[in-house]
Amino acid sequence: MATALKDAIKQEQRQRSLSSAESEHLAPKANSKSFQRNLLLSIGGVFLLFAICFSIYQYQREKDYKIDILHSRLQMYNYEMVQTLGEDSLTNPQLFRDYVARHQMEGLRVSVIDLKGRVILDSYDTHIDSLDNHLQRREIQQAVHEGNGYDIKRMSQSTHETYFYSATCFDHVIVRAAVPYSTELTRSLRADNTYIYYAIILTLLLGVVLYYITHRISRHIGYLREFAVMAEEGEELDHELERRLPDDELGDISHTIIMLYWKLRHSEEEKIRIKRQLTQNAAHELKTPAASIHGYLESILDNPDMPSDKKKRFLERCYAQSERMNKLLLDMSALTKLDEMEDNGGEAHQAFREVNVVQIIHNVLDDTALQLQEKGIAPSLQLPQHIQLLGNASLIYSIFLNLIDNAEAYAIGATHLDIVCNEIETEGRHFYEFTVSDNGPGVESQHLEHLFERFYRVNKGRSRKLGGTGLGMAIVKNAVAAHGGTTTALPTPGGGLTVKFTLARF
């Protein structure tokens, strides 16, 4: 019974975990559909609103156009009457009625009104005295103020029919023509709805195209989101998602994001590899002097009767090895600080101050003058009078110190050391370009690209004998990078090594 209960509980937990995983797997699709729906509704809603507003505008515009045509025809009738009869003859009832009879239109009614609104003649009503004053009529008001006017679908108080009125103001009278607002006239004034059908069809077609476009965008954003979810959860990633991205601007942006991710990931992996390698190399480098110190001290302790001169020699060797360990630890500490500066570049640059590089170079040469003199190396400078830049004075000092120490230690047989500086411009930015070159034996070409790697040695045995830590050139490269520059190693023409680096003027 207990076993069956446990199995049931396990089965229920498995189903819950499966349903949770399925919901998480389906979440990106649901979100993708939601994005597509929102995008489709927003763009489609704006387009539909535009189409409705345009249709209403076009309908009213066409209706006004047809009304203007009818108004113009009646205005032409008014002008022809005045030109034919003359304005003075319009008040003659006989001439007026003869003209209307000769130029009769179906249902046409013509009135002559004075400027005070009193009806003088009317083609339908002979009892003009019974007609109301027309001065307040809309078409009369417009004619008085604007020269002509019209009114649509107003019922006549005398005939009780609905008319379309068009009035024209002349010097002394107003001529008004009116036609019955019949079913035929209503139909002729009605706007043509054909364009509305075309607008509906076009809207539907554009809706289909818009759906296809939003679906395509949503699908590719879904791919990108799936990539982001997998990256966030630390799942194994492949390049299949990249192959499904479109070959357009959206695809370019997605590819850029994915490439940035891969670069960041590789950068993090490279940092981890470098740290691991640094730890291993540091342990290896520290192991040798530590073992030597341990061996010398053990020999002294195991042999209390050891001659004093031999004991002194062992202690001197212990001191030399401890100095080597101390220098190695100082160099590792300097590299660690440079790595921190690289991670916090903005804050590090805020701490930069104006630095006189010429003075720093002279200080380094003064501090290393004795060693260079013992090696028979004569320094030569070709520098501008002033080299001012924003930077860290101690880091710039370490750049030149490590380069001069490297030349002094490994440029066996060199007789001169040249330090040259020129101003250059690259991509709109100004740099100081320095070259530090010697005429020693140089470095073989296969070693040049690795020269700035940490703990890299061209000749491991000889380097350790000379007391090098293998970190000096790495410090140079990182210190230069902290000042916005780059570092390269080249063979000196005629023999020797040349290190070229730039420092940004900021």
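The values are calculated or read from the model by the stated rules, or taken from the named source; none is laboratory data. In this text the structure is predicted, and so the values were computed from the model without any measurement. Positions of Cβ are generated from backbone atoms using ideal geometry, with glycine treated the same way; all protein chains shown enter the neighbour counts. Keep in mind that these areas ignore ligands, DNA and RNA; they rest on the heavy atoms of the full protein, side chains included. Shrake-Rupley method; radii C 1.70, N 1.55, O 1.52, S 1.80 Å.
Residues of the stretch 135-154 that are touching a residue at least 40 places away in the same chain (Cβ under 8 Å) and either open to solvent by less than 40 Å² (accessible area, probe 1.4 Å) or of a type in the set (Phe, Trp, Tyr) (or both): Tyr150 alone.
Report yes if some residue within the stretch 22-36 is open to solvent by 60 Å² or more (accessible area, probe 1.4 Å), outside any helix (DSSP H, G or I) and either in contact with an Asp or Glu (Cβ under 6 Å, 6 or more places away or on another chain) or modelled with pLDDT under 75 (or both); otherwise report no. Scanning the stretch 22-36 turns up no residue that is open to solvent by 60 Å² or more (accessible area, probe 1.4 Å), outside any helix (DSSP H, G or I) and either in contact with an Asp or Glu (Cβ under 6 Å, 6 or more places away or on another chain) or modelled with pLDDT under 75 (or both). Criterion first (closer than 14 Å to Asn78 by Cα, of a type outside the set (A, V, I, L, M, F, W, C) and surrounded by 13 or more Cβ atoms within 10 Å (Cβ to Cβ)) does Tyr165 satisfy it? For Tyr165, the condition - closer than 14 Å to Asn78 by Cα, of a type outside the set (A, V, I, L, M, F, W, C) and surrounded by 13 or more Cβ atoms within 10 Å (Cβ to Cβ) - is met. Within the stretch 460-489, if we keep just the residues that are surrounded by fewer than 16 Cβ atoms within 10 Å (Cβ to Cβ) and within 23 Å of His416 (Cβ to Cβ), the residue that is modelled with the highest pLDDT turns out to be Thr488. Residue count for the stretch 63-99 under the criterion of being open to solvent by less than 40 Å² (accessible area, probe 1.4 Å) and free of Cβ contacts under 8 Å to residues at least 40 places away in the same chain: the result is 5.
Residue pairs whose Cβ atoms lie under 7 Å apart, separated by 6 or more positions or on different chains, with the first residue in the stretch 49-60 and in a helix (DSSP H, G or I) and the second among the small types (Gly, Ala, Ser), are Ala51/Ala199; Ser55/Ala199; Tyr59/Ala191. Determine, yes or no, whether Leu74 is assigned to a helix (DSSP H, G or I), on the phi < 0 side of the Ramachandran plot and at pLDDT 80 or above. So Leu74 fits the description; yes. The conditions of being of a type outside the set (Ser, Thr, Tyr), farther than 25 Å from Leu403 by Cβ, at pLDDT below 85 and surrounded by 15 or more Cβ atoms within 10 Å (Cβ to Cβ) are met by Gln321. Being open to solvent by 90 Å² or more (accessible area, probe 1.4 Å) and modelled with pLDDT of 90 or more, is that true of even one residue in the stretch 119-128? There is no residue in the stretch 119-128 that is open to solvent by 90 Å² or more (accessible area, probe 1.4 Å) and modelled with pLDDT of 90 or more. Being farther than 16 Å from Asn422 by Cα and outside any loop (DSSP other than H, G, I, E, B) is the filter here, so list the residues in the stretch 490-506 that pass it. The answer is Leu490, Pro491, Leu497. Working only within the stretch 162-198, note down all residues that are hydrophobic (A, V, I, L, M, F, W, C) and modelled with pLDDT under 75. Hits for the stretch 162-198 are Leu185, Leu189, Ala191, Ile196. Is it true that Glu423 is open to solvent by less than 50 Å² (accessible area, probe 1.4 Å), under 35 Å from the mean Cα position of the chain (by Cα) and among the acidic types (Asp, Glu)? Taking the combined requirement at face value, the residue does not satisfy it.
The helices (runs of 4 or more DSSP H) falling completely within the stretch 355-413 that include 3 or more residues that are without any contact (Cβ under 8 Å) to a residue 12 or more places away in the chain and surrounded by fewer than 19 Cβ atoms within 10 Å (Cβ to Cβ) map to 357-367, 369-375. Regarding Ala282, is this residue among the aliphatic types (A, V, I, L, M), at pLDDT 70 or above and either in contact with a helix residue (DSSP H, G or I) (Cβ under 6 Å, 6 or more places away or on another chain) or farther than 26 Å from Leu40 by Cα (or both)? Against the criterion (among the aliphatic types (A, V, I, L, M), at pLDDT 70 or above and either in contact with a helix residue (DSSP H, G or I) (Cβ under 6 Å, 6 or more places away or on another chain) or farther than 26 Å from Leu40 by Cα (or both)), Ala282 does not qualify.
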